[in-house]
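Beneath this line is the structure, given in structure tokens, with notes to follow.
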Amino acid sequence: MDERFLFPEFHLLRQLTRQLHFEFPFTNKGNLKEIFDALDDIIVIVDKETVIHYANQAAIRRFGVPPDQLIGNNLYRLMPFPEVKRRWQTILMGLKQSEHFSFIDRGHGKYALSHVIPFRDRNLTNEYYLIFTIESNSSALSSPTIQPSAGTAFEESIKALHETSAEYNTAHRLEYQLRISLALANAATGVSLAEDLSSALNTLCTQACLALEAPAAVVRLYNQHQNTLEIAGSYGLSEEHLRRNFAIPYPPLAHLASEAAPRVIVADLDQSPPTPADQLSYRSQLSTSVIANIVRQNRFLGVLVILIPKVHPPLTKEDLLFVQAIAEQASIAIDRFRLLKIQERRTRELENLVRLGIELREVLTKREVMETLLEKLSEDIYIELGAGYLLEDQHYVLVSYQSKDYQPPEWLAMPPNPGWRDGRPIFFDHFCLSSALLTEGRQDPISWDNICGLAIPLHSPSTGSGVLLLFFPHPLHLSSDDRHKIYLLQEIGNAAFHRAEALEHLEQLVLERTRELSILYEITALLNAPSDVHSSIDQVLENVLSITKSKLVVVHLYDPKTKQLTVYHEKSSLPADFLTHLISLQSEPPWETVFHRNTTYYLEKPLEWTTEASDPIGTIPLTYLGLPIRSKGEVLGVLSLFGNHDGNYSLNDQIILTAIADQLGLTIERARLTAQGEEIAKLEERQRLARDLHDALTQSLYSLTLLTSGYKRSLHHATLEEIHQWMDELNDIAQNALAELRLLLYELRPTALEQDGLHGALKRRLDAVEKRAGIQTFFEVHGSFRLPAEDEEHFYRIAQEALNNALQHARHQSIWVKLESLPDHFKMTIADDGIGFDFDRVVQQYPHSGLNNMISRARQIEAQLSFDTTPGKGTKLMVLKEYNHV
């Protein structure tokens, strides 16, 4: 049959589009625009993007939108169904094969025949599409003014169209199956490529709506803790609409959550209770909703809801199988992302454990270990309460806690739970802050589905050290990996406790060693101080008694005359006569053993020592420690200590006491050598004084005696002038003797060198000796200075020797002494106006003279000594020493 008889209107439209090529877009009314507006059938002109450029009055009435809102609008917005966009793409593909495209649609109880004809404007730049639609109840077909044969003609046209379009129907069926297959493939691909669960579920909703030409779909997942369904993915619904209407969580219906529930349910929206879909603007165009249970391994995960429009043909079995397949893809995606989340959580937890172990390496004390553990564990959102306890004096004491709403229990301040001795964690199946919780806990959580808390004992190698108490706001299911991480956390804590305990022990050793060195330093300073040796040793024994907490400390010294050990000094907190009584009872005292063996002797087992001779029953248990006092390998005596049996002398105590005994030996030996040196110095001083008296004063007095005797015999025949001459000579001899006597007396007096320094001592010497001898003195000091004590002594002795020599031999009238202090050296100059001497001859002929003494003293302090003297021209002595700072 010729299509002109089947679709005369279509044949007419194709001819009109040729004229439309010249008139469109309509700039005025025009002939075609008047014809189109007068028709009762729908005519719409759109571009490729379905933007409406013209609509006749029938189209305006059909859409129910004002003309200014219709022109420029989009068909996708006016008909917000996924199948509209897909139908338009099919039409565009069909127009590539033919000059027109026709199709029949059904909706709202009506049949509609539509023709789509493409055309271009007069400039051939834009392509437009004329859509002509005839509805079964339109006046063009079923108006009462139309003859009945017109309706029959329409039905025949429909029948002919169906007969001639069998091939199209087969292709449409194939296209539907391809669309379903493509949607499933796209869903699987999209889910596999999705970066998060929300994107995967959004992809599944999108593919389901495109395949079923549905306007919207939503996935709601089941929260088993809250017993609610929560939005996880959607399509076709704005975020605002979801937030306002779909974001209200509600528990799933019993038949949905049941394992025996059907996988897919089709619900008629018109006969269902109120749902969030009732708030949609196109609710009147929706007919049913498809609800698919999302189940994985018989575990209910959520639901997939797809809204089906009324224009959609009745759902077939294939449609329901497709929805079930989409739900299965959703369950796979949920399970995959759940596993990924678990894997990420495990990786994150392991990384946190590694970081925790690294941070704990910097922790120094067990208290800081507990604080660090709780600080890091409190970052876990599952922990509601965390408390740390340390074992102190056989009781657990709270040292740190982290809590959101609860105070940590104080009842752990009690003896350790015997169940913690083996170090295994204890698990609790309920939240309780009662001490009964500890006895209700179990060490094997395998048979439990959930736990609410656990206690993790922490141990050092020696003993239990602490416990971590953790509670959770919701019951947790512990997997084998979770239990393994708990044990791993416990091992990390134990290692940190071990390290902290070792550091604390090391710190204690360092403190003890520092204390010992401080004691040695203090005792060495006491023994080397210039105070009396006896008082220094008394202070040392007082310190030893206090440090070692001994009852008695004694120093025995060996007396070479009696060949016995005698008590040199003692310090005791025992009765006054205890040591005397102890000596009387001992046939061979232990200190004798120490002296003869020259080794440390320790009686670790306490012996019963009687306290008084009058009370033999009164005894006291004491341990004994004896250490030899040595100097240069020679045993000088014994340091003895008697201690209470509760305080043993450790190896460290013995080491430091040995060092103290050695210091005592050096001090005692130095005191002996000092005493011997003083005796030798006294003897040498006596010999020098005797020599000086013999060489000077004795000779002068002897000469005075001889002259007096001779003059006495010659007195009767001597003249007065001779007598005066004799008296002057005797006076000179007496004056010389008096000067020498003053010099000897000054040297016998204590020197003021230490009190007044070098310049003060020299000034005193000049005032006390030279001035009284009638010699004119000149004393100059340039600069301020303070020389080392040893150097001052040698400078003074050199000056003293020079002044003595001048007084005895120079016959001088004046003497000059000058001290000069410069930044890099010190110089002393002594000059007289005496008779001078031959320096080389005197040094060679008199090797033991004062000159050699001065040279020797200058050499000892590395100073330069020079003489400038010739017979008859006086003598000048200069001593120079270089310093960094004077």
query = Only one of (1) open to solvent by 30 Å² or more (accessible area, probe 1.4 Å); (2) farther than 23 Å from MET93 by Cα; (3) modelled with pLDDT of 85 or more is not met by LYS33, so which one is it?
reply = (3)
request  = For the stretch 804-835, name all the residues that are farther than 17 Å from LEU865 by Cα, touching a helix residue (DSSP H, G or I) at 6+ places or on another chain (Cβ under 9 Å), free of Cβ contacts under 8 Å to residues at least 60 places away in the same chain and not charged (D, E, K, R).
outcome  = ILE815, GLY834, ILE835
ask   = With respect to the numbered conditions (1) modelled with pLDDT under 80; (2) of a type in the set (Ser, Thr, Tyr); (3) open to solvent by less than 60 Å² (accessible area, probe 1.4 Å), which one is the sole condition not fulfilled by SER550?
value = (1)
request  = Go through (1) more than 15 Å from GLU770 (Cβ to Cβ); (2) loosely packed, with under 15 Cβ neighbours inside 10 Å; (3) in contact (Cβ under 8 Å) with a residue 12 or more places away in the chain and name the single condition ILE798 misses.
outcome  = (2)
The stretch 871-886, residues that are of a type in the set (S, T, N, Q) and more than 18 Å from GLN813 (Cβ to Cβ) = ASN884
Residue in the stretch 819-876 that is least open to solvent (accessible area, probe 1.4 Å), counting only those that are modelled with pLDDT of 90 or more, hydrophobic (A, V, I, L, M, F, W, C) and part of a loop (DSSP other than H, G, I, E, B) = ALA863
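Within the group LEU526, LEU469, LEU488, which residue is assigned to a helix (DSSP H, G or I) and either acidic (Asp, Glu) or at pLDDT 80 or above (or both)? Full working, then the answer.
Working: LEU526 fails: either acidic (Asp, Glu) or at pLDDT 80 or above (or both); LEU469 fails: assigned to a helix (DSSP H, G or I).
Result of the check over LEU526, LEU469, LEU488: LEU488.
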remark   = Checked the stretch 187-205 for anything open to solvent by less than 40 Å² (accessible area, probe 1.4 Å) and over 10 Å from ALA333 (Cβ atoms); matches are CYS205
task = Look at the stretch 240-283 and say how many of its residues are at pLDDT below 70, hydroxyl-bearing (Ser, Thr, Tyr) and under 22 Å from GLN324 (Cα atoms).
result = 1
query = What number of residues within the stretch 186-244 satisfy the criterion of being touching a residue at least 40 places away in the same chain (Cβ under 8 Å) and assigned to a helix (DSSP H, G or I)?
reply = 14
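Considering the stretch 317-349 alone, what residues qualify as being of a type in the set (Val, Ile, Thr) and at pLDDT 85 or above? Talk me through it step by step, then tell me what you get.
Initial filter on the stretch 317-349 (of a type in the set (Val, Ile, Thr)): 323, 326, 332, 334, 342, 347.
Passing the criteria: VAL323, ILE326, ILE332, ILE334.
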inquiry  = Just to be sure before I move on: is THR751 at pLDDT 85 or above and touching a Phe, Trp or Tyr at 6+ places or on another chain (Cβ under 9 Å) in the structure I sent?
reply    = no
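Pick out the one residue from VAL295, VAL303, VAL323, VAL290 that is of a type in the set (Val, Ile, Thr), open to solvent by less than 40 Å² (accessible area, probe 1.4 Å) and in contact with a Pro (Cβ under 8 Å, 6 or more places away or on another chain).
Details: VAL295 fails: in contact with a Pro (Cβ under 8 Å, 6 or more places away or on another chain); VAL323 fails: in contact with a Pro (Cβ under 8 Å, 6 or more places away or on another chain); VAL290 fails: in contact with a Pro (Cβ under 8 Å, 6 or more places away or on another chain).
Selected residue: VAL303, the only one of VAL295, VAL303, VAL323, VAL290 that is of a type in the set (Val, Ile, Thr), open to solvent by less than 40 Å² (accessible area, probe 1.4 Å) and in contact with a Pro (Cβ under 8 Å, 6 or more places away or on another chain).
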request  = Could you list, in sequence order, all residues of the stretch 352-371 that are free of Cβ contacts under 8 Å to residues at least 40 places away in the same chain and not in a loop (DSSP other than H, G, I, E, B)?
outcome  = ASN352, VAL354, ARG355, ILE358, GLU359, ARG367, GLU371
ask   = Hey, among the residues in the stretch 61-90 that are closer than 18 Å to ASP41 by Cα and of a type in the set (D, E, K, R), which one's surrounded by the most Cβ atoms within 10 Å (Cβ to Cβ)?
value = ARG62
request  = Give the residue, chosen from ARG797, ARG764, that is of a type in the set (Lys, Arg) and farther than 21 Å from ILE861 by Cβ.
outcome  = ARG764
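The values are calculated or read from the model by the stated rules, or taken from the named source; none is laboratory data. In this text the structure is predicted, and so the values were computed from the model without any measurement. For neighbour counting, all protein chains shown are included, and Cβ atoms are generated from backbone atoms with ideal geometry for every residue, glycine included. Accessible surface is based on the protein model in full, side chains and every heavy atom, while ligands, DNA and RNA are left aside. Shrake-Rupley method; radii C 1.70, N 1.55, O 1.52, S 1.80 Å.
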